[in-house]
Structure formats: structure tokens, C-alpha cells
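Okay, so here's the structure we're looking at.
The values are calculated or read from the model by the stated rules, or taken from the named source; none is laboratory data. For clarity, every value in this text was computed on a predicted model and none was experimentally measured. For neighbour counting, all protein chains shown are included, and Cβ atoms are generated from backbone atoms with ideal geometry for every residue, glycine included.
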Amino acid sequence: MPLPTTDETSVLFTNGTLVLSDRLIENGELVVEDGMIRSVGAKRKRAKFTGRVIDLKGSYLAPGFIDIHVHGGGGADYMDGTADAVRVANRCHARHGTTTIFPTTTTGSREQIAGMIAACGEVYRTWTPSEGARIGGVHFYGPYFAEDKVGCHAKSGRRDPTANEYKEHFASGLIRVATCAAELPGAIEFYKFASKQGCLVTCGHSNSTWGEMAAAFKAGMRHVDHFWCAMSSVASLRARCGTPMQASMEQFVLAHPEMSTEVIADGHHLSLELLRFAFQMKGPERLCLVTDSMRAVDCPPGEYRFGPLENGPQIASDGKVGRTLDGSALASAVVGMDHMLRTMHTATKAPLPQLVRMATLTPAERTGIDSTCGSLAVGKQADLVVLSPTLIAKKTFIAGEQVHGPI
């Protein structure tokens, strides 16, 4: 191919290891032109490059991370309902290598959720790379949770799905991931509607049985939010259903190859053994890394609102994880995606392409955006993260523009 000729739009990444979805290319190089990937391969002799040259100095170059379950960061929550809050959170996650993000609702009033979607829509329509991670869509997560699985979310904002409400939110055209507890009245209609909109349809904050999951699966549900967190178990279903003991969401997900799920790999929500087990059972093609992080990411320890700033529940952050104020239960994570990658590496010792896939191509495939992002491939957006040998995000590029790290 002819060499790029313009300094403003052409970038050559060289002298590093490229992380493809199925292999590493040591001593590789990647060329970006006009915000798109134009070539990927081993380093080769070439005439003097006329654009910007970035010497990776032995670092890894990976596709930018894709977070499909995230509530906030940098002091802001998406449920604050302002474009400024959305941009603050998106910039925060870009510092940790996330280049595509799916802002996620909590429980809340109909008006609060509508305000969150409207704020995301404003940023989506006017977005530039300097504003942080691009919005891939909204994850409509709260408020359709089971009463006994609300977790750290405000119980006052929980309710059963009603068509006139969720159709109003879907009319925005922004919702790409949609969650509902499978046992709720109206859940099947919700799943069918969301599936017809092309969403990744998920079950979360649920105490559902195998039978309820099977009905949800028939209606289009194919994913379960944060595995083992706020989900049914054999023990919880015995309390709900009595005997004989019932199979739960866990067994249903592990038994069905079509089902995907996600883990919060911050080292506090799940043990290393559970992370390793999830990886062994589902594999990198059906397991996503998510942050599920709240506004306390990159903030000092203290108390923070989870969800809307006006009335979300107070959560205590120690800088490592969020907890309820009485310390009795975990809440949201308070770290970025590169931390999740490092923890998963410690837990599994899996090859780096498989680890990175769970934070890039797999969520891209599950949400239907893999034709434009999620891997280092010619013709895709130049959404990139430079990772140190210890997997710390050192530089982040979105559409070929550097948004984080030293120039």
C-alpha cells in the first residue's frame, strides 16, 4: 500500500508487540491513517515515514477496551443526568484504556432514567475523542430487578417492567444492552421487545429458576450480568421455592454454550478461583470483563453516592472496592479495566490474546459492533491502548487521537 503522506492523520506504531485476537506479533508495527487502522503486521523496512512515529519501546499495543457494564468514574455517575457528568466518567475510563463504553443505569425514577439517557444522547451526538471513551450505546440495567436481589441499588427505585415506560426509553435509539430479572411479571414481553431492537438481552439482579431462565432464553435473553453477584443460587432458590432444590442461573449459564456472562475482576468481588473457574467454563468467546465501577474510580477513599447524586445510596470506598456503609456487603467496583485485566491474568495465567479478547472483541461481538472495533484489524477504528509489560494502560488512542498518556 502507498505510504501515508500527512503528518496530521498518519501514525506509525513500531517496536512493540501487537495483541491480536488470536496471537501476538512481536516486533510488530501498525499504521493509522484518518483515524482508521491501515496496516497491521511484522516490522518491515520502509522509506522514511512522513507522519508521527510512536516508539512502543517493547510495550504491548492492544485494541481499546470495551466496557458494557459501568456506572461512572472520576467523581461522576451517569445517573447524575448531565452531559458534563457523562464526559467526566468517559474521560476517567479512557485513562484506563477503555475506548468504547456503555453507560449503565441504576434503579431510579422514570424521570431520572430518562435524564440519564438524554445526557448520554447529547454526548453521543456531539462526541469528539477529547471527551473520552466513545458511547457504544446505553445499558438499560436498572430498574427491573427482583426485590430480594437489589444489591446496593436504591430499593425505592426498583419496579416491575411496564411496556409504556420501557418503550419510551427505547425510543431514544440509544439502548444496546437491556437487563431485566427473569421472574418478574412482564419480563418475557420485555425480552422479546428488546431482542427485536437488536439489543444484547440480559438477566441480572434476579433470583430466577432454571425454568424461568429457559423461558427468558426462548424470548431472546443471551447474557447474565456480573456472574455470581446478585444472582440466584441453589441455596437462594431453596429459600424461595422449597424442595426439591432448583437449578439456578449459574447452572443454566454453564449448561448453555449460547449464553455469555461477565465478571468483575477487581480481586474483591470474586476470588481468583472463581475467576479461573468462569474462564475455564465459558472461555474467552463467552466471558466478558466489565468494571461495574461507580463514581469513586480515581478518587480518594471516602463516601460516595451510587447512582443519582441527588438521592443515590451512600457507598464507602477504600480505594480498592465499594461497600455499603455498614461494611456488610460489597457494592460497585472502584477501579478501571486495566486493573481487571491484571487480576484476570493473575487468576488464569491465560495467554494475553485471550485475556484482552474478554475486554475487547467478545463484548464487541455480543453487542454487534465488532465490524468497527474490538480488534487490531485493517479497516477498523484506531481505538488503541498501549500496555506496559505489567498491563498498565500507559497511552490511549481513540479514532487515532491520543487521549491519555505522555506525548
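Points worth noting:
- Residue check for His339: under 12 Å from Ile264 (Cβ atoms) and either of a type in the set (A, V, I, L, M) or not in a strand (DSSP E or B) (or both): yes
Per-residue answers, yes or no, for (1) touching a residue at least 60 places away in the same chain (Cβ under 8 Å); (2) under 21 Å from Thr128 (Cα atoms):
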{"residue": "Leu30", "(1), (2)": "yes, no"}
{"residue": "Asp34", "(1), (2)": "yes, yes"}
{"residue": "Val40", "(1), (2)": "yes, no"}
{"residue": "Arg44", "(1), (2)": "no, no"}
{"residue": "Val53", "(1), (2)": "no, no"}
{"residue": "Asp77", "(1), (2)": "yes, yes"}
{"residue": "Arg91", "(1), (2)": "yes, yes"}
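- Test for Gly267: is it in contact with a His (Cβ under 9 Å, 6 or more places away or on another chain), crowded, with 18+ Cβ neighbours inside 10 Å and either at pLDDT 95 or above or more than 26 Å from Ala331 (Cβ to Cβ) (or both): yes
- Matching entry among Arg295, Arg276 (being in contact (Cβ under 8 Å) with a residue 60 or more places away in the chain and not in a helix (DSSP H, G or I)): Arg295
- Hey, Pro301 assigned by TED's automatic domain parsing to the domain that holds Arg110, farther than 18 Å from Val70 by Cβ and in contact with an Asp or Glu (Cβ under 7 Å, 6 or more places away or on another chain) or not: yes
- Region 124-145, residues that are surrounded by fewer than 24 Cβ atoms within 10 Å (Cβ to Cβ) and hydrophobic (A, V, I, L, M, F, W, C): Trp127, Ile135
- Of the residues Glu273, Glu310, Glu303, the single one that is surrounded by fewer than 15 Cβ atoms within 10 Å (Cβ to Cβ), out of contact with any strand residue (DSSP E or B) (no Cβ under 6 Å at 6 or more places or on another chain) and within 14 Å of Ala76 (Cα to Cα) is Glu310.
- Subset of region 208-227 [closer than 18 Å to Leu330 by Cβ and out of contact with any strand residue (DSSP E or B) (no Cβ under 8 Å at 6 or more places or on another chain)]: none
- Some residue of region 186-194 being among the basic types (Lys, Arg), touching a residue at least 40 places away in the same chain (Cβ under 8 Å) and more than 15 Å from Met259 (Cβ to Cβ): no
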